[in-house]
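Colleague: This is the structure I want to talk about, given as structure tokens.
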Amino acid sequence: MDTPRLVSLDREHLIHPVSSWQGHEASGATILESGKGVWLTDSKGHRLLDGFSGLWCVNTGYGCESVIEAGRRQLEKLPYATGYFGFSNEPAIELAARLTQHAPGHLNHIYFALGGSDAVDSTLRFIRYYQHARGTPEKRHVIGLQKGYHGSSFVGAGLTALPVFHRDADVPLPWQHHIPSPDPYRHPAGPDAEAIIQASVQAFHDEIAKIGGPQHVAAFYCELVQGSGGVIIPPKGWATAMQAACRELDILFVVDEVITGFGRTGPLFACAHENIEPDMMTVAKGLTAGYAPMGGVFMSDTIYETIRDKTPPGVSVGHGQTYSAHPVSAAIGLAVLDLYEGGLLENGTRVGEHLATRLRGLGNHPLVGTTRSVGMLAGIELVTDKTTKTKPDAQLGISGKLSRYGYEQGILFRAFGDDVIGLAPPLCSTIAEMDQLCDGIVSVLDRVMEDPAVASALKA
Ligand SMILES: Cc1ncc(COP(=O)(O)O)c(C=O)c1O
């Protein structure tokens, strides 16, 4: 591979997602060349232990023969089949049937989208159809969580509540609202679970009142672990309470499992932790383990049947994409599901317990304010003062240092801009690999502390 040529062409022609364009041009791309298991190799031959499964998606690890073979066979047999005009294809039908069997509650229908943003965007359209169909079109407002991430489609970016997705983008739209994140480390109500839950329910009621009452509110959206917001794990019972509040007010409860789905937190879906039964649920990422693009919207019987029955005969529900239910992605999804069912979830749970133990040990590090994890999903929040929970000054450039030192150390993790380290290792990881990842993180943190500016900020 001619790395300098590729870096130069990348700089000139390839626009990267959510990046500083100036910063990217200045630093140039790191070109990933191959992967096997939890290991990636870049074009310079540098090996990296991927502690983030690509972008929280390669849950199976790289180079899984059965997945590759399923994709190859489907490409040979039928590389594309439209879902329009009454056509369908075998892998998509089988995948829909198997997934809805596993899904919580009455989520017996699935629409296959192209990824997570697209799945979230589809829910917003389906919800409009549903509210019109049931005769409550004035129910048009939606409420999400601060620090929530629901992708970056135009409308989804407004449901997302991270500043970078709103800047100069004219979102949130007037019908999109957010209530505080149920963050046990930073919630004004303190760390007590019951206090946070009560505050969330109250904030939900207050927001609905501001909007003009539940007759104007269509849906509440949440992740069960707020991934891109910094791996924030709400207290146990929070999702149950929010679901109950929604039910009481005739507001749809929509769970975004794009990160948490497919074993990331242990079970196939994170809804299982509290037996949550959402009205709609979005998935992507682990659905195909990143081997091909695909997302999905699970839909309850009630929503499906209402739209079906109230749409006049012969009239189409006007939502669709060329690549919905793509047969190659679906064949890959089936092969990946075989792996989840064939022991991968159990391995993730077992290794996740070890990761949790290692992370608890990390809590003593001078830079670490708190650590949190569930299954193979974890966050390490850095502070310069453990008592006041002061975040490091942006001038210290800690997240850039973390990424650079991590690369040099041969480990990959997510260094969020607000100095949270995100971990989402492949579910196939071994205990030894998790030790290597955690040892590497300690070395990286120690190196960050060697910076005199960081050291003096810590003493302050
Ligand atoms: C919870 C959640 N929803 C939606 C998305 C958007 O998915 P995609 O990047 O596949 O469009 C993401 C991506 O990280 C996500 O974490």
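The values are calculated or read from the model by the stated rules, or taken from the named source; none is laboratory data. What you are looking at is a predicted structure, and each value in this text was computed from that prediction instead of being measured. Methodologically, a virtual Cβ is constructed for each residue, glycine included, from the backbone with ideal geometry; neighbour enumeration extends over all protein chains shown. Side chains are part of the model used for accessible areas, which takes the heavy atoms of the whole protein and leaves out ligands, DNA and RNA. Shrake-Rupley method; radii C 1.70, N 1.55, O 1.52, S 1.80 Å.
Colleague: In region 290-324, which residue that is in contact with a strand residue (DSSP E or B) (Cβ under 9 Å, 6 or more places away or on another chain) and among the hydrophobic types (A, V, I, L, M, F, W, C) is nearest to the ligand (Cβ to nearest atom)?
Modeller: For region 290-324, the residue satisfying everything is Met294.
Colleague: While we're here: Mind telling me which of the residues Gly148, Gly156, Gly135 ends up being part of a loop (DSSP other than H, G, I, E, B) and either open to solvent by less than 20 Å² (accessible area, probe 1.4 Å) or modelled with pLDDT under 95 (or both)?
Modeller: Every option except Gly148 fails the conditions.
Colleague: Given Leu49, Leu6, which one is assigned to a strand (DSSP E or B), out of contact with any Ser or Thr (no Cβ under 6 Å at 6 or more places or on another chain) and surrounded by 15 or more Cβ atoms within 10 Å (Cβ to Cβ)?
Modeller: The match here is Leu49.
Colleague: A further question on this structure: Read through the list (1) in a helix (DSSP H, G or I); (2) among the charged types (D, E, K, R); (3) touching a Lys or Arg at 6+ places or on another chain (Cβ under 8 Å), then give the number of the only condition that Asp418 fails.
Modeller: Looking at each condition in turn, Asp418 falls short on (1).
Colleague: In this structure, does Ile211 turn out to be away from the ligand (no atom under 16 Å from the Cβ) and touching a strand residue (DSSP E or B) at 6+ places or on another chain (Cβ under 6 Å)?
Modeller: Judged against the criteria, Ile211 is a match.
Colleague: Only one of Leu114, Leu32 is open to solvent by 40 Å² or more (accessible area, probe 1.4 Å), farther than 30 Å from His216 by Cβ and within 16 Å of the ligand (Cβ to nearest atom). Can you tell me which?
Modeller: Residue meeting the stated conditions: Leu114.
Colleague: Of everything in region 71-104, what is assigned to a loop (DSSP other than H, G, I, E, B) and touching a strand residue (DSSP E or B) at 6+ places or on another chain (Cβ under 9 Å)? Give them in sequence order.
Modeller: Gly83, Ala103, Pro104
Colleague: Just wondering, is there one or more residues in region 324-340 that are over 30 Å from Gly296 (Cβ atoms), open to solvent by less than 50 Å² (accessible area, probe 1.4 Å), not basic (Lys, Arg) and not in a helix (DSSP H, G or I)?
Modeller: Restricting attention to region 324-340, the residues satisfying the condition of being over 30 Å from Gly296 (Cβ atoms) are none.
Within region 324-340 (the criterion being over 30 Å from Gly296 (Cβ atoms), open to solvent by less than 50 Å² (accessible area, probe 1.4 Å), not basic (Lys, Arg) and not in a helix (DSSP H, G or I)), the answer is no, since none of the residues qualifies.
Colleague: Which of the residues that make up region 249-289 are within 15 Å of the ligand (Cβ to nearest atom) and without any contact (Cβ under 8 Å) to a residue 40 or more places away in the chain?
Modeller: Answer for region 249-289, where residues must be within 15 Å of the ligand (Cβ to nearest atom) and without any contact (Cβ under 8 Å) to a residue 40 or more places away in the chain: Val255, Glu257, Gly261.
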